[in-house]
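Heads up: the structure comes next, in structure tokens.
The values are calculated or read from the model by the stated rules, or taken from the named source; none is laboratory data. Just so we're clear, the structure is a prediction, and the values are computed from it rather than from any experiment. Cβ placement follows ideal geometry from the backbone for every residue including glycine, while neighbour counts extend to all protein chains displayed. SASA here: full protein model, heavy atoms, side chains in, ligands and nucleic acids out. Shrake-Rupley method; radii C 1.70, N 1.55, O 1.52, S 1.80 Å.
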Amino acid sequence: MKITSSEFVKSAVNLASYPAGELAEVALAGRSNVGKSSLLNKLVNRRGLARTSNTPGRTRLINFFLVNGLFYLVDLPGYGYAKVPVSERESWRRMIETYLKKRANLRGILLLIDSRHPPSAQDLQMYGWFKDNSLPVLVVATKVDKLSRSQLLRSMKVIRDSLSLSPEDALVPFSALTGQGREDLLDCIGRWAGITSKDHNSI
Ligand code: GTP
Ligand code: MG
């Protein structure tokens, strides 16, 4: 899939404020600071479209980005950031849960795992929940530019084993710095969003 346009449309906290309409949505989930917003920016090749930060907890709302005028990429707040007050963490959890449970437009989820660390208990819980609810999910190992080749191989095995991925389950190594993995993700997103080559030609 070729990206021809991308724009921020809106932030939302609850069902009532999600964008109206039937366009497909693909969401980015993962713990705080794992690289969700950076991945989104790299996918659409626009630095700074989604706000990123060294400080975990940057994305605090559900942000909708319209891509090619055809589907939305949805940047979710991260989970598992201990320094956020419990009350706020609880409100984020509810925000994410409501979106994932109730949003009919949702076609698939990229679950991001930091390639430098083993998946957390919450990562495992999230992945299990997607599977239990038959939501299409693709696991992405982020920040792979920070690892040597042998470290990466080891890390991919740890992620595969912890999540009990089967050999047919894809695990995409990704770097927002080098763009590694970008084409694989775009192919998957295009399939989920039902983008055909005819859509490409018409833009
Ligand atoms: P929250 O919004 O807090 O949930 O975080 P996030 O998951 O959106 O992470 P974000 O994209 O803001 O990135 C967090 C930090 O990791 C930033 O300092 C990024 O520059 C850095 N980062 C993200 N992706 C990569 C990557 O592929 N390689 C490297 N080296 N750094 C990355
Ligand atoms: Mg973010």
Would you work out the charge dipole size for the stretch 23-107 about its Cα centre, treating the Cβ of every Lys and Arg as +1 and the Cβ of every Asp and Glu as -1, and quote it to the nearest 20 debye? 120 debye
For the chain, what proportion of DSSP beta bridges, expressed in % and rounded to the nearest 5, is antiparallel? 35 percent
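Kirkwood hydrodynamic radius for the stretch 1-67: how many Å is it when counted over pairs of different Cα atoms? Numbers along the way, then the final one.
On the way: mean 1/r = 0.0776 Å⁻¹.
The answer is 12.9 Å.
For a Förster distance of 41 Å, can you work out the FRET efficiency between the beta-carbons of Glu88 and Arg149, rounded to the nearest 0.05?
On the way: r = 39 Å, r/R0 = 0.96.
Efficiency, from the Cβ-Cβ distance: 0.55.
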By the gyration tensor of its Cα atoms, with a ≥ b ≥ c the square roots of the eigenvalues, what is the shape of the chain: rounded for a/c under 1.5, prolate for a/b over b/c, or oblate? rounded
Contour excess over end-to-end distance, with Cα ends at Asn133 and Val13 and 0.36 nm allotted per residue: 41.0 nm
Using a probe radius of 1.4 Å on heavy atoms only, what accessible surface per residue do you get for the chain? Whole Å² is fine. 51 Å²
Please list 3J(HN,Hα) in residue order for the stretch 100-108, calculated via the Karplus relation 6.51 cos²θ - 1.76 cosθ + 1.60 where θ = phi - 60°; whole Hz, with x for glycine and proline. 5, 7, 9, 7, 5, 6, 5, 10, x
Students often check this: by mean Cβ neighbours within 10 Å, which of 64-72, 19-27 ranks highest, and how do the rest follow? 64-72, 19-27
Taking square-rooted eigenvalues a ≥ b ≥ c of the alpha carbon gyration tensor, is the stretch 119-203 rounded, prolate or oblate, where a/c under 1.5 means rounded and, failing that, a/b exceeding b/c means prolate? oblate
Can you tell me which of 113-120, 149-156, 175-182 comes out highest on packing, and rank the rest after it, using the mean Cβ neighbours within 10 Å? 113-120, 175-182, 149-156
Spatially near lysine pairs across the chain, Cα under 15 Å, sequence gap of 8 or more or different chains: 5
